[in-house]
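What follows is a short report on a single structure.
The values are calculated or read from the model by the stated rules, or taken from the named source; none is laboratory data. The structure displayed is predicted, hence computed values, not measured ones. In this analysis, Cβ positions are derived from the backbone assuming ideal geometry, glycine residues included, and neighbour counts consider all displayed protein chains. Note: areas computed on protein heavy atoms with side chains; ligands, DNA, RNA excluded. Shrake-Rupley method; radii C 1.70, N 1.55, O 1.52, S 1.80 Å.
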Amino acid sequence: MNHYKSWSGLNKQLSNHLCEPLKDRITYFLTRYHDVHNAYGRAAILLDKTELVGFTWAEGYEQDYGFSRLYDSGVEWENAEEILKPEWDKNCTYSEMDFLSAATAFLSMPIADALSSDNYIVRLFAILDKRVGKRTMQTIRSDNSYITLPKWVSQFYELRFSVCKC
């Protein structure tokens, strides 16, 4: 994960990347419970103060359980994430640390790379980005590949289509 100085600074950067129609509607939320063992946390993306998707420490434990299950069945450690990722993508099994990692990665990559990233959280940031123009949005919409994405991801594409008039 790339380093960030503060959540408020990172949140400001992410918010500055939002397309104009969503600037005052999308908010990012992160909290860390520092006094709790292992500093549990929670992150979310909200639309008009309604949570669209959340990422919590519990999903981090779910990921660890998946690794343990594979390890117990004799799967090579190097292949474990490759095997588990489709399930995590489908069920949004991502923690607040995955959210932070995706946010910092997104801010340091070109928008074209972010739009085609295999990290669905990076794609969420990208599809809401002001650098994605009308022609790119029309191409994405006409190709319809976003429909095959899990619902928690495709809802962001549909949201962007509804506000971009493309």
query = Ignoring ligands, DNA and RNA, what percent of the accessible area of the chain is carbon or sulfur (1.4 Å)?
reply = 50
key: Hits among lysines - C-alpha to C-alpha of K130 under 22 Å, sequence gap 8 or more where chains match   = K12, K23, K49, K165
remark   = Computed Rg/Rh for the stretch 82-161 (Cα atoms; Rh = Kirkwood radius) stands at 0.95
note = Between the modelled labels at T50 and N79 (7 Å from Cα along Cα→Cβ) the distance in nm is 4.4
remark   = Here, GluC sites (Glu not before Pro) of the stretch 59-103 satisfying both criteria (DSSP loop; at most 10 other Cβ within 10 Å) are E76
message = With the crude spin-label approximation of a point 7 Å out along Cα→Cβ, what separation in nm comes out for T139 versus E158?
response = 2.5
Once exposed loop trypsin sites (Lys or Arg not before Pro) are cut out (DSSP; at most 12 other Cβ, 10 Å), longest piece of the chain = 50-164
task = Give the label of the value calculated from the structure for Cα extents along the principal axes in Å, choosing from (i) 60, 45, 25; (ii) 83, 29, 20; (iii) 50, 38, 27.
result = (iii)
request  = Report, in debye and to the nearest 20, how large the dipole of the chain comes out about its Cα centre when Lys and Arg carry +1 and Asp and Glu carry -1 on their Cβ.
outcome  = 1120
query = Taking θ as phi - 60°, what are the ³J(HN,Hα) couplings along the stretch 144-157 by the Karplus curve (6.51, -1.76, 1.60), each to the nearest whole Hz, with x for Gly and Pro?
reply = 6, 5, 5, 5, 7, 6, x, 4, 5, 8, 4, 4, 6, 5
request  = Calculate the dipole size of the stretch 74-127 relative to its Cα centre from +1 charges on Lys and Arg beta carbons and -1 charges on Asp and Glu beta carbons; express the result in debye to the nearest 20.
outcome  = 280
